[in-house]
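Heads up: the structure comes next, in structure tokens.
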Amino acid sequence: MANPLRNIRIVLVRPIYGGNLGAVCRAMKNMGIYDLAVVSPHPELDMSEARQRAYHAGDILEKRHQYESLAAAVADCALVAGTSARGGLYRAHARAPREWAPRLIEAASANRVALVFGTEDKGLSNEELALCTQIIRIPSSRAYSSLNLSHAVIICCYEMFLAAGRYRHAGEKSPEAACELRERMFAMWRETLLEIGFMKDDKARHMMMGLRRVLSRGPLSENDVQILMGIARQARWAANNPPVRRERRKSSEGD
């Protein structure tokens, strides 16, 4: 399958708040995941709030599938990863989303995979976790380890998105500057700094080594070097062409 994210299903068990449901839809769409299953939502869940919070992800909300049980929601899934903030004997093998993501994406290349999130106030029960083949625990501060439902969803979806290789950095359009171009730039800056009086001949070597160190902390593209050379060129021109003071101009006009 070209895009394994199409085989990822987000399962919400007994969600209480419409705002969280809508925010989950938005989080899913941010990360290219569209299959949403809802298990026994709270009877007073506010769907108008859900639609408002879904924003541009209303299509995911409207196409959600609803089930009476978690077993039914994951019946066609090869792997089922349940999330839990709590510890205990049955949760001791939990791993962070980043650790499980490659395994889940590998499975999603050929099979449907579920990420299961429990109700906002109690999470998943031991019986529900028993249906899960993996357990995810999102690393967080011990002072308050429980995450908001939509926050937990986007963290897990983000790790799936990265593991699926869907993100491609655009990269620098201008190629990295060659050594010869960089040396021309440093030579120009040396002449400029001497000419404007920033340094003297006896300190030039030391100062230029410092400048090289500053400009070598990251890659320099050809465009970067051209800009720096343009600044040096303009600085030399300005040093040799000081602006005429207004008072002098007025004095000349009075004469």
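The values are calculated or read from the model by the stated rules, or taken from the named source; none is laboratory data. Note that this is a predicted model, so its numbers are computed, not measured. Here Cβ is always computed from backbone atoms with ideal geometry, including for glycine, and neighbour counts include all displayed protein chains.
Worth a mention:
- Boolean, Val24 is touching a helix residue (DSSP H, G or I) at 6+ places or on another chain (Cβ under 8 Å), under 20 Å from Arg137 (Cα atoms) and either part of a helix (DSSP H, G or I) or at pLDDT 95 or above (or both): yes
- Scanning the stretch 108-152 for residues that are of a type in the set (Val, Ile, Thr) and crowded, with 22+ Cβ neighbours inside 10 Å yields Val113, Val116, Ile136.
- Flag if Glu172 is touching a residue at least 24 places away in the same chain (Cβ under 8 Å) and farther than 20 Å from Arg212 by Cβ: yes
- Taken over the stretch 79-115, the residue count meeting the criterion of being of a type in the set (A, V, I, L, M) and either within 21 Å of Tyr144 (Cα to Cα) or at pLDDT below 95 (or both) is 6.
- The one condition in (1) in contact (Cβ under 8 Å) with a residue 60 or more places away in the chain; (2) buried (at least 17 other Cβ atoms within 10 Å of the Cβ); (3) more than 24 Å from Asn126 (Cβ to Cβ) that Lys29 fails to fulfil: (1)
- Filtered by the rule that a residue be in a loop (DSSP other than H, G, I, E, B), under 29 Å from the mean Cα position of the chain (by Cα) and closer than 23 Å to Leu104 by Cα, the stretch 119-145 gives Leu124, Cys132, Thr133, Arg137, Ile138, Pro139, Ser140.
- Any hit, the stretch 109-118, residues being without any contact (Cβ under 8 Å) to a residue 60 or more places away in the chain and either in a helix (DSSP H, G or I) or among the hydroxyl-bearing types (Ser, Thr, Tyr) (or both): no
- Test: residue in the stretch 215-231 that is assigned to a helix (DSSP H, G or I), loosely packed, with under 10 Cβ neighbours inside 10 Å and either modelled with pLDDT of 90 or more or not assigned by TED's automatic domain parsing to the domain that holds Trp189 (or both): no
- Only residues that are of a type outside the set (Gly, Ala, Ser) and touching a residue at least 60 places away in the same chain (Cβ under 8 Å) were counted across the stretch 43-79, and they come to 3.
- Any hit, the stretch 81-96, residues being under 29 Å from the mean Cα position of the chain (by Cα) and farther than 22 Å from Glu127 by Cα: no
- Every listed requirement among (1) in contact (Cβ under 8 Å) with a residue 12 or more places away in the chain; (2) in a helix (DSSP H, G or I); (3) more than 30 Å from Arg103 (Cα to Cα) is met by Asp202 save one, (1).
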